[in-house]
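For reference, the structure is listed below as structure tokens.
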Ligand code: SF4
């Protein structure tokens, strides 16, 4: 059996899915049950079967819980396509198996999105915003804690919109409740900038275990482009003020953001506004995407497309700028002591760990040398930073390792 879980958020994600499709088509032995699931299935449905003769079932985003049924159907000679056109129901059913290491767990608090960013296909693929009931989330967090989770990562297309769909509660309240569950590290991803308000910052500031990690995708800094994107059209100085408030109100705040470069109508002056903003804001972490026109989004109809070479050039300029900032930040950390969580201990070489400011699979890692044989994944230990490259750091435990 082969299950391909796909993403369709941007063109590179779809290209990656196609790469996997080609590999599976080449390698799958006759009789293999091949299931394609996720956002790309939701987007193209039936077409995947025509594209890939080996595919047995195509499941949209509401059907993860029916993968076993799909495999049974394939075995019975069917080729089902289960895709909900109208916007999927939230599907958070959990089986007994987690694909992450036992100490790390992703916790979905909502699905879909009701924002109207003009470049984004999410609402089409995943429907409007729906929050899970707070009691379900807390029950799952407790179950994950009982199953050895030491770090919870809260996910949704927009975590800060939690409860705004009338489901009750708010992210600020949820943070307080999750803090009490007792998992040592709780990380919140994907906060919409317009919803990072004082109440939310107070909740972060008051929490003991919810990390002061702010993943706030800003997408651009030019008000003209932001407006055209359907995002809050803040002036750069206004956005800088808001970032300053986060840093002031929440001690140790770490800021991560993402930008979209080459949006239709982006002039060189707009790009310079963005680059100057990045230089000024000095984010701890920054990612960027090159704009790609997404079928069915309002942005595909916009005039003044930026040529692909110019988009690539701007992307590289922005990433190079941030690289310097990241290196400078890492250099300043050398010599300081921090807590890290152990992720992996390979048979040889350094252990792989992460600091509070390093989200899993997103922000680089901490390479740990000179560690005790007694440490294990999920342990949180104090280390001293001894070196770095651009995005990763190197550290050694504080104190002598045990035998
Ligand atoms: S907030 Fe994020 S998920 Fe929602 S529409 Fe905008 S880019 Fe898409």
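Points worth noting:
- Selection from segment 165-185 of residues that are closer than 26 Å to residue 241 by Cα and in contact with a strand residue (DSSP E or B) (Cβ under 6 Å, 6 or more places away or on another chain): 175
- When the residues of segment 239-259 are filtered to those that are in contact (Cβ under 8 Å) with a residue 12 or more places away in the chain and in a helix (DSSP H, G or I), the one that is farthest from the ligand (Cβ to nearest atom) is 249.
- Residues of segment 347-363 classified as in a loop (DSSP other than H, G, I, E, B) and without any contact (Cβ under 8 Å) to a residue 40 or more places away in the chain, total: 5
- When every residue of segment 363-374 is checked against the conditions, at least one turns out to be touching a helix residue (DSSP H, G or I) at 6+ places or on another chain (Cβ under 9 Å) and either surrounded by 15 or more Cβ atoms within 10 Å (Cβ to Cβ) or in the same structural domain as residue 43 (by TED's automatic domain parsing) (or both).
- Residue match in segment 136-154 (condition: surrounded by fewer than 22 Cβ atoms within 10 Å (Cβ to Cβ) and either within 13 Å of the ligand (Cβ to nearest atom) or within 19 Å of residue 229 (Cβ to Cβ) (or both)): no
- Here the condition is being within 16 Å of the ligand (Cβ to nearest atom), without any contact (Cβ under 8 Å) to a residue 60 or more places away in the chain, farther than 23 Å from residue 380 by Cα and surrounded by fewer than 20 Cβ atoms within 10 Å (Cβ to Cβ); of 159, 164, it holds for 164 alone.
Yes or no, residue by residue, for (1) at pLDDT 95 or above; (2) in the same structural domain as residue 361 (by TED's automatic domain parsing); (3) under 18 Å from the mean Cα position of the chain (by Cα); (4) over 30 Å from residue 264 (Cα atoms):
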{"position": "142", "(1), (2), (3), (4)": "yes, no, no, yes"}
{"position": "151", "(1), (2), (3), (4)": "yes, no, yes, yes"}
{"position": "155", "(1), (2), (3), (4)": "yes, no, yes, no"}
{"position": "158", "(1), (2), (3), (4)": "yes, no, yes, no"}
{"position": "170", "(1), (2), (3), (4)": "yes, no, no, yes"}
{"position": "174", "(1), (2), (3), (4)": "yes, no, no, yes"}
{"position": "184", "(1), (2), (3), (4)": "yes, no, no, yes"}
{"position": "190", "(1), (2), (3), (4)": "yes, no, yes, no"}
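- Qualifying residue in segment 25-36 (condition: in contact (Cβ under 8 Å) with a residue 12 or more places away in the chain, in a loop (DSSP other than H, G, I, E, B) and surrounded by 18 or more Cβ atoms within 10 Å (Cβ to Cβ)): yes
- Within segment 121-135, considering residues that are part of a helix (DSSP H, G or I) and away from the ligand (no atom under 16 Å from the Cβ), the one surrounded by the fewest Cβ atoms within 10 Å (Cβ to Cβ): 135
- Single unsatisfied condition, residue 111 versus (1) buried (at least 20 other Cβ atoms within 10 Å of the Cβ); (2) within 21 Å of residue 37 (Cβ to Cβ); (3) modelled with pLDDT of 95 or more: (3)
- Qualifying positions in segment 201-238 - in a helix (DSSP H, G or I) and within 16 Å of the ligand (Cβ to nearest atom): 225, 226, 227, 228, 229
- Count - residues of segment 102-120 that are within 8 Å of the ligand (Cβ to nearest atom) and touching a residue at least 60 places away in the same chain (Cβ under 8 Å): 5
- Odd one out for residue 208, checked against (1) touching a residue at least 60 places away in the same chain (Cβ under 8 Å); (2) within 23 Å of the chain's Cα centre (by Cα); (3) surrounded by fewer than 19 Cβ atoms within 10 Å (Cβ to Cβ): (1)
- Residues of segment 277-287 satisfying the condition of being touching a helix residue (DSSP H, G or I) at 6+ places or on another chain (Cβ under 7 Å) and either surrounded by fewer than 21 Cβ atoms within 10 Å (Cβ to Cβ) or assigned to a helix (DSSP H, G or I) (or both): 277, 278, 279, 280, 281, 282, 284
The values are calculated or read from the model by the stated rules, or taken from the named source; none is laboratory data. Worth saying up front: this structure is predicted, and the values here are computed from it rather than measured. Because the Cβ atoms are built from the backbone with ideal geometry, glycine has one as well, and the counts that use them run over all protein chains shown.
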